[in-house]
Amino acid sequence: MSSANAGWPIVSLSEVTERIMVGIASAATHAYRPSGVPLIRNQNIKPGALDDRDLLYVDPGYERAFKNKRLREGDLLTVRTGYPGTTCVVPAAFEGAQSFTTLISRPQRAKVDSRFLSHYINSELGQSFFTQSQIGGAQKNVNAGVLRGMPLPLPPTEEQRAVGAVLDSADSLIGTLERMVAKKHDIKQGLMQELLTGRTRLAGFDGEWSTVTVGQLGSFLKGRGIKRDDVRPSGIPCVRYGELYTTYVDYTASTVSFVRPAVAATALPIRMGDILFAGSGETKEEIGMSVAYTGEKPAVAGGDIIVLRGTGYNPVFLASLLNSPEVAAQKARGGQGDAVVHINWRFLADIKVTVPQLPEQRAIAEIFQDADAEIAIFERQLKSARSIKTGMTQELLTGRTRLHVEGGS
């Protein structure tokens, strides 16, 4: 045996498990039912947690046929194919369930804590083992024999439990923040569906909405002159067409790309309040994706961007409306081409939208911006929690930082 930095022994996974095996791989399990014995698949295994959505079920008769592979509370499930190595612990609610082709590890509870083991396998330390041990071509995989030989630093069991509990708490905070971010996004989505259609009106506004064509709201310009090789980490802010559907959502006051002044001089200048459309994309859903530029700094637009410039609209409101499902469906009908889909400004100019007066547009836009600001706060907290968890994992699983446990270190 060799030793870890903390003086922990290094053992193979097989030394601390009762058995390591592959879940059911019989064609019989394809006889799925609406109820019965739960069948856990790769997609149900998330780092550290079992996702019980979209479960399949098999007849109890199959469960009896594979009695030796019934899951127990505390077993570990590891993804074997596709993205090998993702691991979770089987909770009490899934005692007796079955697993389809995943790797099942049954820890010896006197030697190793399931939560500690799961955190270790999901850490960079554990995942590096899977990266080096994968076999296969397009479909990467690992087998039970490989997993049996995985090296594992083994602190005392009480310290394992303490480490597992601390990292579980970090995961719990991350999960809470993830759910909060998702909830805030759902709330904003509901607000947009109500306010952009006029089904719900803000207090103080009761005027009629007008149906106009986009072309009546301003004039169209065409981006030009920026190549991929021209992009720099600093310089004059620029927007490239692919970023309209991969990076920004509805509006942005800053850019992620920049170009040299000489390149910017050949490109189309954009101003605060301009609406930028993706003139091409890979799908009809991407075509015409709209982003309002709300930044004060002068910027430029690259090729395949169509720019609407006007004054009779609120840019955040209009871009949000143009990306709504009803208007996006109109834009999709104007897409031409297969491998690469294009749309022209004349088609965009003829799209019809129903809009309130400018003061109501501004009020609705402020609601959306306030919602985004709140989402951004939770997203920053989530990013920070994930970063802290990563640092804690490195410290605790290597023994660089030790936890005080009764009768231990």
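The values are calculated or read from the model by the stated rules, or taken from the named source; none is laboratory data. Keep in mind that this is a model prediction, so the values were computed, not measured. In this analysis, Cβ positions are derived from the backbone assuming ideal geometry, glycine residues included, and neighbour counts consider all displayed protein chains.
Among the candidates Gly48, Gly61, the residue that is buried (at least 16 other Cβ atoms within 10 Å of the Cβ) and assigned by TED's automatic domain parsing to the domain that holds Val112 is uniquely Gly48.
Among the residues of the stretch 221-238, how many are among the β-branched types (Val, Ile, Thr), in a loop (DSSP other than H, G, I, E, B) and in contact (Cβ under 8 Å) with a residue 40 or more places away in the chain?
Count: 1.
Listed by first and then second residue, the pairs linking a residue in the stretch 266-289 that is assigned to a loop (DSSP other than H, G, I, E, B) to a residue that is among the β-branched types (Val, Ile, Thr) and loosely packed, with under 15 Cβ neighbours inside 10 Å, with Cβ atoms under 7 Å apart and 6 or more places separating them unless they lie on different chains, are Glu282/Val340. Within the stretch 100-135, being more than 21 Å from Thr398 (Cα to Cα) and without any contact (Cβ under 8 Å) to a residue 12 or more places away in the chain holds for one residue alone: Ile135.
For the stretch 85-109, taking the residues that are within 22 Å of the chain's Cα centre (by Cα) and under 14 Å from Leu13 (Cβ atoms), the one that is modelled with the lowest pLDDT is identified as Gly85. So, Leu382, is that one surrounded by 15 or more Cβ atoms within 10 Å (Cβ to Cβ) and outside the structural domain of Tyr241 (by TED's automatic domain parsing) or not? In short, yes.
If only one of Lys183, Lys188 is surrounded by fewer than 13 Cβ atoms within 10 Å (Cβ to Cβ) and either outside the structural domain of Ser290 (by TED's automatic domain parsing) or part of a strand (DSSP E or B) (or both), which one is it?
Details: Lys188 fails: surrounded by fewer than 13 Cβ atoms within 10 Å (Cβ to Cβ).
The unique qualifying residue is Lys183.
Annotation note: Cβ proximity below 8 Å between a residue of the stretch 159-173 that is in contact (Cβ under 8 Å) with a residue 40 or more places away in the chain and outside the structural domain of Asp113 (by TED's automatic domain parsing) and a residue that is among the polar types (S, T, N, Q) and assigned to a helix (DSSP H, G or I) (sequence gap 6+ or interchain) occurs for Gly164/Ser114; Gly164/Ser118; Leu167/Thr393.
How many residues, within the stretch 328-344, are part of a loop (DSSP other than H, G, I, E, B), surrounded by fewer than 17 Cβ atoms within 10 Å (Cβ to Cβ) and within 29 Å of the chain's Cα centre (by Cα)?
As a first pass, look at the stretch 328-344 and keep what is part of a loop (DSSP other than H, G, I, E, B): 334-335, 337-340, 343-344.
Narrowing further to those that are surrounded by fewer than 17 Cβ atoms within 10 Å (Cβ to Cβ): 337-340, 344.
If we keep only those that are within 29 Å of the chain's Cα centre (by Cα) too, we end up with 338-340.
Summing the residues that are part of a loop (DSSP other than H, G, I, E, B), surrounded by fewer than 17 Cβ atoms within 10 Å (Cβ to Cβ) and within 29 Å of the chain's Cα centre (by Cα) in the stretch 328-344 gives 3.
Table: residues versus (1) within 19 Å of Tyr245 (Cβ to Cβ); (2) at pLDDT 90 or above.
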residue	(1), (2)
Arg333	yes, no
Trp345	yes, yes
Leu348	yes, yes
Val355	no, yes
Ile364	no, yes
Arg380	no, yes
Lys383	no, yes
Thr393	no, yes
His404	no, no
